[in-house]
Amino acid sequence: MKRIYKNKSKLRLMIDTKCDLSGYETVLIMAKKPDDTEVSFPAVVKDVENGIIFYDVQTEDDLDMAGWWTFWPSITFDDDRTACGRAVKVFVYDEGR
């Protein structure tokens with residue numbers, strides 16, 4: 001995996017949920033920042049059957065802190081069922097390091 005740098009906007013966060021997403025209503029990529037605050041990003045479903053989702057970083061403020069971030073998927077289905085996936089830790093670097 002390439003390094004991720006804070007305050008950069010040319011990045012796609014992609015997650016394999018390992019779950020069939022048929023009947024999904026809302027799909028989010030949840031994130032816990034290094035300061036323990038939580039944020040969410042609206043995800044796009046790339047492959048419903050295989051559960052591949054992604055979020056294209058929109059602004060420099062999306063990943064605004066260096067340090068360990070935790071990402072996980074959160075899905076709500078059209079029948080009100082919910083699911084979340086395994087969390088993954090990723091280090092976000094300061095530029096020039």
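Odds and ends about this structure:
- The value obtained for the range 56-97, namely the Cα convex hull volume divided by the number of residues, is 92 Å³ per residue.
- Average Cα contact separation per residue, the range 11-50, under 8 Å, 6 or more apart, as relative contact order %: 45 percent
- Across the chain, the mean sequence separation of Cα contacts (distance under 8 Å, 6 or more residues apart), normalised by length, yields a relative contact order of 36 percent.
- Kirkwood hydrodynamic radius computed over the range 1-41 comes to 12.9 Å, based on all pairs of distinct alpha carbons.
- The chain: most fluctuating residue of Gly23, Gly67, Gly51 per GNM, C-alpha cutoff 10 Å: Gly23
- Two-decimal ratio, the range 16-69, of alpha-carbon radius of gyration to 2.2 N^0.38 Å: 1.27
- Here's how it looks for Leu63: its modeled amide H is under 5 Å from those of Asn7, Lys8, which are all 5 or more places away or on a different chain.
- Taking a quarter of the surface of the Cα convex hull of the chain gives a mean projected area of 6.1 nm².
Every number in this text was worked out from the coordinates using simple rules, so none of it is lab data. Note that the structure is a prediction, hence the values are computed from the model and not measured.
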